[in-house]
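Reviewing the structure listed below.
The values are calculated or read from the model by the stated rules, or taken from the named source; none is laboratory data. Keep in mind that what you see is a predicted model, and the values were worked out from it rather than measured. Reconstructed Cβ throughout: ideal geometry from the backbone, glycine too, with neighbour counts over all protein chains shown. SASA here: full protein model, heavy atoms, side chains in, ligands and nucleic acids out. Shrake-Rupley method; radii C 1.70, N 1.55, O 1.52, S 1.80 Å.
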Amino acid sequence: MSTAGRLPGHPHIARKNATLHVEGVPLSALAREHGTPLFVYSKQWMLDALGAYQRGFEGRDAWVCYAIKANSSLGVLRVFAEAGCGFDIVSGGELARVLAAGADPAKVIFSGVGKTKSEMRQALAAGIGCFNVESEAEIDVLNAVALEEGRPASISVRINPNVDPKTHPYISTGLKGNKFGVAHDRAVAIYQHAASLPGLRVVGIDCHIGSQITEASPYLEALERVLDLVEAIEKTGIVLHHLDFGGGLGIDYNGDTPPAADALWRQLLARLDARGFGRRRLIVEPGRSLVGNAGVCVTEVLYTKPGAEKNFCIVDAAMNDLPRPAMYQAFHRIVPVVERQGEAVTYDVVGPVCESGDWIGRDRALTVEAGELLAVLSAGAYSMAMASNYNTRGRAAEVLVSGERANLIRRRETIEDQLRSERLGD
Ligand SMILES: *Cc1c(COP(=O)(O)O)cnc(C)c1O
């Protein structure tokens, strides 16, 4: 693809003859074929994003475990499974998904503060690589379940390093006031307790400090604190075979400039080497940075509605398809699929859902009228995976593009799909 017409931060999305393409495929043709709202993903963007981590870890014993909560569609998981990724899961449902996509269970790690006993049994039976346990109570429950099942559970304890990731409060996870992980000052005692339990094998340590992190400094700070703890824990005779630094690396939504994964890891590896830990198995759990800018959501303009204070551009995608603006006041760029001349009007781009919180973008200058298509960018992560049926709206279809080929990886949800599990009652 030529560099002409590329959108910043989106090397596989470009305009050719005014029409936006994902890799070699025009979005207008996909919208005609599959309808809107429609998620379209670039396979090459995902592979390039993964490649940056793989380059960063070259020559090291490292696992990239894709955190599938960012986008758990089977067609997306298959891309990462075929590329040799491990997976970070947070539920029994996600375990079933990664197994269906062909994951190696030995490279699956199970995170989350509220694992149920039945999810623990399911994961032990599948032979997953590691449970990232998040509380003292969970350690005892997992030990009991592992003994009942007659299968030891490999564990890592999630440490809360109390580092500010400098991101949105809803996506900070490593501060003292967050529900995640165990407190730094309790860690040694917790490890000693875990190591004494016959159902558990202590294999690692992990942290995950937040999401959409755009600076290296919070990672460097967390790394030093985790390594201080590793030293303290290993003084007691426990050996930690792997060090897991979680996910959280940001993407370019609106001119954001996060470090590239390979550049970030060059800095982190220099510190690991300096402190003598560079040869340990390293694990990372990236989600957003592997899929976020691979995806766009194509939506049709239903109406434009001029107003006294605001003009509204009402589109057929809504907060049930793209929940991030409503949840986190998040910003997504919105561009026309076919660019044309004409006077731009400033609109709030909103969906049909009956909530004032149902907006996708505010104060956007657009040359657009009813029947035309818009593309909401950076929609690969935490969009379809968070989609709901609110207002009895079916979830959108998804297409995976590779070069000139477009594969429907999820058909549009029908009303029959939605009603299937419900009953009128007596
Ligand atoms: C959400 C999550 C991730 C992935 O976070 P991103 O910001 O999408 O990279 C990794 N690890 C854990 C434990 C998580 O909860």
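Tabulated values for the structure
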read-out	value
Nearest-ten-degree value, helix 43-56 long axis tilted from longest Cα axis of the chain	30 degrees
Residue 117/residue 29 FRET efficiency (R0 45 Å; Cβ-Cβ; nearest 0.05)	0.35
Selection from 264, 116, 217 lying farthest towards where the dipole of region 111-286 points positive, charges on Cβ	116
Chain lengthening between residue 179 and residue 260 when straightened (0.36 nm per residue, less Cα-Cα)	26.3 nm
Using alpha-carbon coordinates, inclination of helix 261-274 to the longest axis of the chain, degrees	20 degrees
All-pairs Cα distance distribution in region 2-158, expressed in whole percent, bin size 5 Å	2, 8, 16, 15, 15, 13, 10, 8, 6, 4, 3, 1, 0
Residue 369 versus residue 188: modelled label distance in nm, points set 7 Å from Cα along the beta carbon direction	7.3 nm
Residue-level accessible surface for residue 347, protein heavy atoms, 1.4 Å, Å²	20 Å²
Accessible area (Å², per residue) of region 33-169, counting only protein heavy atoms and a probe of 1.4 Å	36 Å²
Label-zone membership for region 29-45, site residue 82, 7 angstrom Cα→C-beta point, backbone N under 11 Å	43-44
Dipole magnitude (debye, nearest 20) for region 111-286, charges at Cβ of Lys, Arg, Asp, Glu	340 debye
Taking the C-alpha atoms of region 203-298, convex hull volume expressed per residue in Å³	94 Å³
Label-to-label distance, nm, for residues given as residue 267 and residue 224 (7 Å Cα→Cβ offset)	1.3 nm
Inverse mean reciprocal Cα-Cα distance (Kirkwood Rh) of region 111-286, Å	16.7 Å
Theoretical FRET efficiency, 1/(1+(r/R0)^6), r = Cβ-Cβ of residue 312 and residue 389, R0 22 Å, to 0.05	0.40
17 Å Cα cut-off, lysine pairs counted over the chain (separation 8 or more, or different chains)	4
Student exercise, region 81-128 dipole from Lys, Arg, Asp, Glu Cβ charges, in Debye to nearest 20	220 debye
Spin-label model distance (nm) - residue 274 vs residue 141, 7 Å beyond Cα toward Cβ	4.1 nm
Rounded to the nearest 20 debye, dipole of the chain from Cβ charges on Lys, Arg, Asp, Glu	520 debye
Extension reserve of the residue 18-residue 419 stretch, reckoned as 0.36 nm per residue once the Cα distance is removed	140.3 nm
Full-extension gain in nm, residue 412 to residue 164, via 0.36 nm per residue minus C-alpha separation	85.3 nm
Prolate/oblate/rounded call for region 297-407, Cα gyration tensor, a/c under 1.5 rounded	oblate
Volume in Å³ per residue [convex hull over Cα atoms, computed for the chain]	158 Å³
